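Worksheet: one structure, shown below.
The values are calculated or read from the model by the stated rules, or taken from the named source; none is laboratory data. Worth saying up front: this structure is predicted, and the values here are computed from it rather than measured. Here Cβ is always computed from backbone atoms with ideal geometry, including for glycine, and neighbour counts include all displayed protein chains.
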Amino acid sequence: MPRIFVYIAHKNGVLDDSAAELIAAAKKIDATAAPTAIVIGSGPGLQSICAEVQKLYPEVWQISNEALSYPNAELIRKVLTKIVPRGSVTLVAHDHFGIDLAPGLSIKLDAAFVPDVIAIDSLEANFLKVVRQEFGGQVSAHVNCDIASGAVITMRPGAFKTVENLSAPGTLVDKSAEVGPLTASRRYLEIIISETSDVDITKHAVLVSVGRGIQEKDNIGIAKELAEALGAAVSCSRPVVDAKWLQKSRQVGSSGKTVKPKVYLACGISGAFQHLAGIKGNPFIIAINKNSKAPIFQVADVGIVDDILEFLPELTSKVQELRGVAAK
Amino acid sequence: MEILVCVKRVPDTSENDIELNSAGNDIERDDLVYSINESDNYAVEEALQIVAKVGGTVSVVTVGAEEDEEVLRRQMAMGASHGILLTDPQFEGSDGRGIASILKGWVQKGNYDLILTGVQAEDGAAQVGGMLAAMLDYPFASLVTSIEVLANNKLKIAREIEGGNREVSEIDLPCVLSIQTGINEPRYVGMKGIRAVQSIPIPTYGASELGLTPAQVGSAAAKVTRVDYFVPALGKGARMLSGTREQNAQEVVELVAAKGGLK
Amino acid sequence: MQGLSATPQLVSWLSQGSVLFWLVHVLGVLCFAYIVARRLVPLVRAERDLRFDHPLQRFHNVLKYWFGQWKHPRYKAAGILHILIFAGFVVLALRAFTVLIVGVSYGFVMPGLSGVAGRLYETVTDYAATIVFLCMIVAIVRRLVFKPARYEVPRRFGNSHKMDAIFLLSLIAVLMLADSLFEATRAAALVHSQEPESRAYLSLPWLLQMFLVQASTSTIGAFCFAGYLAHELAFYFLLCYRPFGIQFHVETSLFNIYFAKLDRKKLKPVKWGLSDQQLDQVKSFGVKTFEEFTWKHILDFYSCADCGRCSDNCPSNAAGRPLSPRFLTTKARDYAFQHYPMFGKAGNGHALVGNIYSEDEIWSCTTCGACEAECPLLIEYIDKIVDLRRGLIDDGNVPQSLQKPLKALESRGNPYGKMEKKKADWTLGKDFQPVCPVKRLDKEPGANTLYFVDSITSFDDRMQSIARSTARILSHVGEDFGILGPAERDSGHEVRRFGEELLFMALRDHNSEAIKNSGARRIVTSDPHAFNALKNDYRHLPPVEHISQFIARQIRGGQIGFKPADADKVFTFHDPCYLGRHNDVYDDPRAVLDAIPGLNRVEMKRCRDRSFCCGGGGLMLFYEPKEEERIGVKRVRMAAEAGASVIVTSCPFCMVNLEDAVKVAGLEGKISVIDLAELVDQQIARPVPACEEVREIPQECVIGR
């Protein structure tokens, strides 16, 4: 079995959730693996990140370089190409950074590439069988990957459960010296923060989240009424923002906000993974969708096949009824 | 600016349920209609808008078979000046890397300043753009949501990152960018436009013309292969409520209350 | 004429002034000729339009709409006022001409108008001038005091036209006053010369004469000269000023009505006089620049009287969408005046959309035809909107929300992108199929009647109930009928009206072939849009009937009997635009309702050819215009006002919009909407009850909204 390396994502001194998910994925590939985490960055914050990663991984490679203060995929690819031994399996989270880094890395490492894996099926000889989704999650596929000359695999965020901390922290190896001078032909300039809105959906315990099933802007009011009755906030999936029915700041998902509510009402949301990636903290998910085959029903706790335009007003009146009783 | 846009023809699945064929090794394709991948269409529009501002030409290329000419023609009706079909029996069974190698063969025959792809195909994996860039040693950026042409062979681009924020960078030309949907409002291609380009011959190129060997492309070279398709068990997690609308609403209210959602 | 000797001064004024008068006449006429010639420049540059056929029919239109002022009484106050002014002008035209000549030959009398006839004519013209004068005063007071809402100009459409209107009205009043003064002086002069002469009793000239009789001969002469000069100056000023504003219609209306479109049911072709095959050679479709309008459409712009009736009836305008037909015209006229000036270079070929029109404005039209039904000058709107849309489509400027359905129509033959094989799924219900099997003519041709279902009725779960009711009615009367199933594509009605002509032609050709292959001898449809497409857009098809016509025919033939209607309910019929206004089917659906015993029926204030659109069908369902209140909501409020509890319509799109609107308006439980076919299906007296209770239609899973 080839050696497994994991690229550790972190930002502003905060370790990304994927660090714990990727070691779980590594263990699924090979239960006996002792994966090596690679932490790249610069400055004093790097030490504490490494210390956190050491709690999860038996070995941590640390690369500190002034040029890497911002995670520039091009430079990180150059670093990894230098230090990762050929023939290894490298795991990266399938997020906006992984999409930027991993395909090119696989070319430079001359390794096979499998993106956006949601489950590991089996490993037989040099063939790793994994599960992916296609057509917006409507169908899944088994994919065979020849890892004889190594592989780069990106793992879907949230697809793998996190693991417990190690009993003893892993060893820390500083590989900074192996990295020469770094120059990039793509240079980071700035981050533009999305406009803020009246509501911070990340702070609500209950979210009424609407998707394409809301059909038109005028119907947003139906969700708002329910949210008002529940004391919840209205959030949404990407198509609703694309259609400009709600502000970007209301969007849950990989290109929107990450939310951690207690209860999540997914209304007319099909359940594309980009959306699900924004739901953390294992909330109780209630899905209402008129398409009984919507992928959201696979992840929801309770499902109802109905038209939200009909169901939500009914629900609102039930909530108001309950409130009325409680008030008396 | 000479721009090449790499496009793909995919089944349009947005309004129809996808079913598996009886053998289980593919989706049922008989009743599907195909069209250009959505984000690729945005990429072509972006290329046309850049050329309208700074001059140059837009070419569209795809790897496939004769039926894929249709998407090239549609993009030519949109305004692309050239369509190129890369086709060869040897290409069959190529994985992402194989497709990137074929495209690289074509890019090296031309003199492109900018190569665009869609961010991801409906049936794809958001991989070819990044691979192609690495093979060409061009800089690359994915999930691009705006492009501004600067002086001195540079672009200012923004990428979509988490939290709805945007990461702004400067990138040297030539480069490869993968375009996210929503970057622009693609123009409509009417029947008239399609009919106008119906008879323009589309040049095709095969493995030998692109300097490719079986070791680089096709099923023999593929390290990654799809074994089968399957539909994950329905409602695995969800307990489906099957009462009347009113009963269901009542139950949901009780559940929300039980989970501490009603304060 | 002895009177002349009594007014030597006047004669001397006139003879001395003859040079001046000639100058006024020649200058005035030359100016007018030059102005009109300049105004004709864009018409000459414009696209061709075939309007020289059927002279008798056109002459009939002139008699009815121009001379007969046919549409004016639709607005009572303004209509009567206009008819009086128009009649006055017609009467006074001869006198104006006579007065012109009198200026150079004082004793001139129009041949045939001497003696008693002349007296009579003078009496009539005295009153005519008086009436026109009074009408002007009333019109000015209306503008200033009562301010009818339809004359207002919303800020987004520019400045108020009020001052211009009042200025013109005042000028006409001056003209009448001057004319009366001139006549009065002549009469007064005759009195001085002991030839008692009196203008018509209590008329304006009579009143003026009463004053003037006291004056000296020289004063009368001065007034005569002043009146004459004022009359001539006002006359020529008006003549030359009208082509710069809203009163140009005085000159153009006759031509505008003569050349008006004769067959309003047919949409304008992309280019006049080209075959389908020749269209492939046309470089640019539709109207992008001003000069791509046809000459008749530019004449329309000149002819608009700015009366605001079109916009007053326009549902898009009422809902606050960015479209108002009145300003569609006046903005184009302003463009013409600005870019075709009196002096200097004409035209600039700039795109209209993005300049004087916005894209939203052009997409906002539901093509309901209310504006055209109202316009007294027969100005055309739908053809222009469609031409402008053709231009937008040709340039690829199509709202994103419309691109998906258009693409699906191209690839799948329906706007929802549903698979063709599912088109006949509505016939398959286990409660329906055994009792009402529907023949599939795509598989087995040979039925007498083809039921053309069209996309929404085939695929939308709610509308499928209309299809099943229609099928049950056909089956109840023993009609041998079938459907095309997957071989039927969208009729393309809205595709055409949204400007995608070639896609429409592809759909039309496919359907025509499928219909031919079905062997059907007649066609029935429950969708007025399909009805209009098959009847007026397609060619060489078997006769087409809307289901309401079919049912009415069956009732007349005694084929259908009804159970009594629920006496607690009050029904009202909402005329679908493409059944009523566009095809004049108003009476058949009402006859069907009235054939149901005990059915209480009321009419909404706006009904028949003044029916108020539901908000638009077909592709309009995919377009989201900015609006203050939905059109459909306004419509259901009108039904509530009429005291109705059930709105009966006969169009699936009206059903979509009105059912939604009932919810939005908060009238659920108070008002319900039902299709005529569903109601008939419910009320048919059957030996065995129908298997599907139409009142309980599942509301979920409604596509396309």
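Data for the structure
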quantity: Hits in the stretch B:213-256 (condition: more than 7 Å from chain A (Cβ to nearest Cβ), more than 22 Å from A:Q298 (Cα to Cα) and surrounded by 16 or more Cβ atoms within 10 Å (Cβ to Cβ)); calculated: B:Q216, B:V217, B:G218, B:A221, B:A222
quantity: Residue, nearest to the other protein chains (Cβ to nearest Cβ), within the stretch A:199-230, restricted to residues that are closer than 12 Å to A:V263 by Cα and in a loop (DSSP other than H, G, I, E, B); calculated: A:A205
quantity: Strands (runs of 3 or more DSSP E) fully within the stretch A:98-161 counting 2 or more residues that are without any contact (Cβ under 8 Å) to a residue 12 or more places away in the chain and either more than 7 Å from every other protein chain (Cβ to nearest Cβ) or surrounded by fewer than 21 Cβ atoms within 10 Å (Cβ to Cβ) (or both); calculated: A:119-124
quantity: Among (1) at the interface with another protein chain (Cβ under 8 Å from one of its Cβ atoms); (2) surrounded by fewer than 24 Cβ atoms within 10 Å (Cβ to Cβ); (3) in contact with a helix residue (DSSP H, G or I) (Cβ under 7 Å, 6 or more places away or on another chain), the one test that A:S292 misses; calculated: (3)
quantity: Filter pass, B:M131 being touching a residue at least 12 places away in the same chain (Cβ under 8 Å) and farther than 19 Å from B:G55 by Cα; calculated: yes
quantity: Count of the stretch C:157-214 residues which are under 30 Å from C:P325 (Cβ atoms), at pLDDT below 85 and assigned to a helix (DSSP H, G or I); calculated: 1
quantity: Out of C:R58, C:R74, C:R39, C:R45, sole residue that is of a type in the set (K, R), farther than 28 Å from C:V174 by Cα and out of contact with any Asp or Glu (no Cβ under 9 Å at 6 or more places or on another chain); calculated: C:R58
quantity: Tally, over the stretch C:39-73, of residues that are in contact with a Pro (Cβ under 8 Å, 6 or more places away or on another chain) and either assigned to a helix (DSSP H, G or I) or of a type in the set (K, R) (or both); calculated: 4
quantity: Some residue of the stretch A:295-312 being farther than 26 Å from C:P399 by Cα, at pLDDT 85 or above and in contact with a His (Cβ under 8 Å, 6 or more places away or on another chain); calculated: no
quantity: The one condition in (1) more than 21 Å from C:S160 (Cβ to Cβ); (2) surrounded by fewer than 19 Cβ atoms within 10 Å (Cβ to Cβ); (3) touching a Leu at 6+ places or on another chain (Cβ under 8 Å) that C:V287 fails to fulfil; calculated: (2)
quantity: Matching residues in the stretch B:69-92 - criterion: being without any contact (Cβ under 8 Å) to a residue 60 or more places away in the chain and either aromatic (F, W, Y) or in a helix (DSSP H, G or I) (or both); calculated: B:P89
quantity: C:P405, sole failed condition from (1) within 14 Å of another protein chain (Cβ to nearest Cβ); (2) modelled with pLDDT of 95 or more; calculated: (2)
quantity: Residue in the stretch C:366-380 that is acidic (D, E), out of contact with any helix residue (DSSP H, G or I) (no Cβ under 8 Å at 6 or more places or on another chain) and not in a loop (DSSP other than H, G, I, E, B) present; calculated: no
quantity: Residue tally, condition within 20 Å of the chain's Cα centre (by Cα) and not charged (D, E, K, R), over the stretch C:584-603; calculated: 2
quantity: The stretch C:217-250, subset buried (at least 19 other Cβ atoms within 10 Å of the Cβ), under 12 Å from C:V174 (Cα atoms) and not small (G, A, S), residue modelled with the highest pLDDT; calculated: C:F235
quantity: Helices (runs of 4 or more DSSP H) lying entirely in the stretch C:386-500 (those with 3 or more residues that are among the β-branched types (V, I, T)); calculated: C:464-476
quantity: Output for the stretch C:509-523, where each listed residue is surrounded by fewer than 24 Cβ atoms within 10 Å (Cβ to Cβ) and not hydroxyl-bearing (S, T, Y); calculated: C:D509, C:H510, C:E513, C:A514, C:I515, C:K516, C:N517, C:G519, C:R521, C:R522, C:I523
quantity: Yes/no for B:G190 being within 7 Å of another protein chain (Cβ to nearest Cβ), surrounded by 21 or more Cβ atoms within 10 Å (Cβ to Cβ) and under 24 Å from the mean Cα position of the chain (by Cα); calculated: yes
quantity: Set C:V648, C:V636, C:V656: member being within 22 Å of C:H582 (Cα to Cα), in a helix (DSSP H, G or I) and modelled with pLDDT of 95 or more; calculated: C:V636
quantity: Among the residues listed as B:V54, B:V61, the single one being more than 14 Å from every other protein chain (Cβ to nearest Cβ), under 21 Å from B:S208 (Cβ atoms) and not hydroxyl-bearing (S, T, Y); calculated: B:V61
quantity: The stretch A:79-95, subset in a helix (DSSP H, G or I) and surrounded by fewer than 19 Cβ atoms within 10 Å (Cβ to Cβ), residue nearest to the other protein chains (Cβ to nearest Cβ); calculated: A:T81
quantity: Matching residues, the stretch A:1-44, being touching a helix residue (DSSP H, G or I) at 6+ places or on another chain (Cβ under 6 Å), crowded, with 17+ Cβ neighbours inside 10 Å and assigned to a loop (DSSP other than H, G, I, E, B); calculated: A:A9, A:A33, A:P35
quantity: Within the stretch B:117-138, considering residues that are buried (at least 24 other Cβ atoms within 10 Å of the Cβ), facing chain A (nearest Cβ under 7 Å) and not small (G, A, S), the one nearest to B:P11 (Cα to Cα); calculated: B:Q127
quantity: Some residue of the stretch C:340-350 being modelled with pLDDT under 95, closer than 28 Å to C:V41 by Cα and either crowded, with 18+ Cβ neighbours inside 10 Å or in the same structural domain as C:Q69 (by TED's automatic domain parsing) (or both); calculated: yes
quantity: Residues located in the stretch C:594-629, provided they are part of a loop (DSSP other than H, G, I, E, B), under 18 Å from C:Q403 (Cα atoms) and touching a His at 6+ places or on another chain (Cβ under 8 Å); calculated: C:G617
quantity: Any hit, the stretch B:65-80, residues being at pLDDT 95 or above, polar (S, T, N, Q) and under 14 Å from the mean Cα position of the chain (by Cα); calculated: yes
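Conditions tested, residue by residue: (1) closer than 22 Å to A:G98 by Cβ; (2) in contact with a strand residue (DSSP E or B) (Cβ under 9 Å, 6 or more places away or on another chain).
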position: B:Q90; (1), (2): no, no
position: B:D95; (1), (2): yes, yes
position: B:K104; (1), (2): no, no
position: B:N111; (1), (2): no, yes
position: B:L116; (1), (2): yes, yes
position: B:G124; (1), (2): yes, yes
position: B:A134; (1), (2): yes, yes
position: B:S142; (1), (2): yes, yes
position: B:T145; (1), (2): yes, yes
